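The values are calculated or read from the model by the stated rules, or taken from the named source; none is laboratory data. What you see is a predicted model, and the numbers here were worked out from it, not measured in a lab. Note that we place each Cβ from the backbone using ideal geometry, even for glycine, and neighbour counts take in every protein chain shown.
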Amino acid sequence: MVSAGKEVVLVMHSYGGIIGSEAVNGLEKAGRKEKGGVVHALLIAAFLVSKGSSLLGIFDNQLPPYLRVNVRHSFHFPPRDYTLRLSTA
């Protein structure tokens, strides 16, 4: 769409905030000489990390207690009876 000269609104959700933020690099309308480009980025319940950082870096390089890694190295949520306890400290 951008290469066709269209103005684009990029909508990102969840982990897509990280992927979309990287994918849009160089496609912003303000930085292009050609017509078209990304004019807005809308993040809905999405992660946004600093340049050079990662999602794991947000959590001090440790998985939060509500995420587990299985033997195939993919993330999954624990069983429904798991109770998330948040610290107020």
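Quick look at the numbers
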quantity: Output for segment 24-53, where each listed residue is more than 12 Å from VAL2 (Cα to Cα), aliphatic (A, V, I, L, M) and touching a residue at least 12 places away in the same chain (Cβ under 8 Å); calculated: ALA41, LEU42, LEU43, ILE44, ALA45, ALA46, LEU48, VAL49
quantity: First in segment 1-12 and farther than 10 Å from VAL39 by Cα, second anywhere and in a loop (DSSP other than H, G, I, E, B) and among the basic types (Lys, Arg), Cβ under 6 Å, 6 or more apart; calculated: GLY5/LYS35
quantity: Residue in segment 35-42 that is assigned to a loop (DSSP other than H, G, I, E, B), modelled with pLDDT of 90 or more and at positive phi present; calculated: yes
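Residues checked against (1) among the hydrophobic types (A, V, I, L, M, F, W, C); (2) assigned to a loop (DSSP other than H, G, I, E, B):
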position	(1), (2)
ALA4	yes, yes
MET12	yes, no
ASN25	no, yes
LEU48	yes, yes
GLY57	no, no
